[in-house]
């Protein structure tokens, strides 16, 4: 069984994937065995027509002897050697694909969030499936079938030249134009294969997005519109595939035409040379057998080249992933600091003159803010003000274009991301859970070699978010699989994400509106839990509800990417017009309604 280990820190993360070196990695003996068996099979295949010629000569003289048995044994040996070499190559290729898929997953997980979002989940997933299979098909033909086909072609041509060089010239002249046409077709196919893989990846990305948004699609009766949009992409895939098929369909007929012309020409030329005595019947039969034997390696070579082009296009798509920079790259000049050295009474989070833009779209403009080391801080603002971006900068998902970000008394750039995130508890807007059990979601990120916390500790955090009784009532309890007959409601999922954060006991808590899907009773209990957390650590909440804002010790108001005010709720209502407008707008509706903030 093949084993894999994570890439070592010293390994170049941008190293390009190359098919043949990766195939031979750790499997040189298997590769050598494959080569030896394949060469033996090829040699035996080349010998068969000559043995057949000897058999014909022996039959003419009435002394067939053992040539028939020799012919059968050579054929069987060639078949067995070819089958064994193909199996060994397939096993070695699967081991390589295991490493390739794992490296792709590892590199994707280590890449920056923005880069993975740009490529998209659907497109990235096709690299593990369709692109990996294209690499596998390229391996099937590239290291073995294609070189052997070329070897058989060369060997056959040499033997044909020894048998009758005149007939060989006739053969070459007949198939030469066919080869020229095949070369042009192969060049056109590579471009179309790369385009095809791109449009398939785009279709997968759109389809995954539609499935994620399926409840909304159904709620707005948008199935026909989504179907039309996806159908356009499906039609584009069909159009490109038809274009590929058009070129592929010409490969075989062009080669067959060349072979048929060569066969007719050789029959005519061979007949003439038989009559004038320049060629014996046995030599002519052997030449015809070699001519017919040319068809298989020719088709293998042409089909193999087309398949190889698909594999090379897939290789380029893998290299696009491997070229993504890892988010936790060591700074070339800054020394590594073993542990944070906090300044006296440090702020939990401090941003100084921070600028950030997505591509060319500015989001934060000269932001200065401070989150006290203890207490509850609410971050409010209109949609697009940059609230979630601030959380992304603190978590290390994003890097500021300008300015300084300090977390827990230390420059964000001086932290390793693993150390930083081990000190932060984060709950995102979507209260994301992974597919798996309730237990695995709660213990996400805990050391893999640990036995894990006791069930009592897990139920303790579940009880703190009013979810313990729900989990106890499930048939499988903590081992219930989310989505397998024991799915949770939106509010329950949100509470489970909060319980996961509580289990990790972080020094800094980041909450992206934790009460958006909770009923009033559960929300009140959660606010009490958050207040308890804020007693001895910093809690930064992107607030969308008035109840959350009122309880905050410190409120930061963002407006169009700038901090326009910081202070207590009462002070800001009195002194900050944008904040007062938000609050008054909400109070005109209902005191407990959500703030019009996003």
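Derivation of every value follows stated rules applied to the coordinates shown; laboratory data play no part. Bear in mind that the values here come from a model prediction, so they are computed numbers and not experimental data. Virtual Cβ from ideal backbone geometry, glycine too; neighbours counted across all protein chains shown.
Do the sum for the chain: with -39,500 (n - 2.57) for every DSSP H run of n ≥ 4, divided by all residues, what is the mean residue ellipticity at 222 nm, to the nearest 500 deg cm²/dmol?
Helix-only estimate at 222 nm: -20500 deg cm²/dmol.
Note down the Stokes-Einstein diffusion coefficient of the chain in µm²/s, whole number, using a Kirkwood radius over alpha carbon pairs, 10 °C, and 1.306 mPa s. Before the final figure, lay out the partial values.
On the way: Rh = 29.9 Å.
The diffusion coefficient I find is 53 µm²/s.
Using the 10 angstrom Cβ neighbour count as an exposure proxy, how do 305, 72, 556 rank, fewest first? Walk me through the numbers on the way to the answer.
Working: 305 21, 72 11, 556 27.
Exposure proxy ranking, most exposed first: 72, 305, 556.
For 113, 390, what's the fewest-to-most ordering of other Cβ within 10 Å of each Cβ?
Taking fewest neighbouring Cβ atoms as first place, the list is 113, 390.
Give the average over all directions of the projected area of the C-alpha convex hull of the range 227-305, one decimal, in nm². Could you put the intermediate results ahead of the total?
Working: hull surface 25.7 nm².
Hull-based average projected area comes out at 6.4 nm².
What is the calculated FRET efficiency for residue 469 to residue 536, with r their C-beta to C-beta distance and R₀ = 25 Å, to the nearest 0.05?
After rounding to 0.05, the efficiency reads 0.35.
Sorting check: for 137-145, 397-405, 85-93, which peptide has the highest mean count of neighbouring beta carbons within 10 Å, and how do the rest follow? Spell out each step's value before the answer.
Numbers: 137-145: 21.3, 397-405: 16.6, 85-93: 18.8.
The densest-packed peptide leads the list: 137-145, 85-93, 397-405.
How long, wide and thick is the range 347-590, going by the Cα atoms along their three principal axes, in whole angstroms, largest first?
53, 45, 34
Hey, fewest Cβ within 10 Å first, where do 25, 544, 107 land in order?
Least to most surrounded, the residues fall as 25, 107, 544.
State the extension gain, in nm to one decimal, for the chain segment bounded by residue 109 and residue 274, taking 0.36 nm per residue of separation less the distance between their alpha-carbons.
Extra length available between residue 109 and residue 274 comes to 52.3 nm.
Fully extended, how many nm does the chain gain between residue 288 and residue 79 (0.36 nm per residue separation, minus their Cα-Cα distance)?
This chain segment gains 73.1 nm when fully extended.
For residue 172 and residue 25, what does the FRET efficiency come to when R0 = 35 Å and r is the distance between their Cβ atoms, rounded to the nearest 0.05? The partial results should precede the final answer.
On the way: r = 40 Å, r/R0 = 1.14.
Result of the calculation: an efficiency of 0.30.
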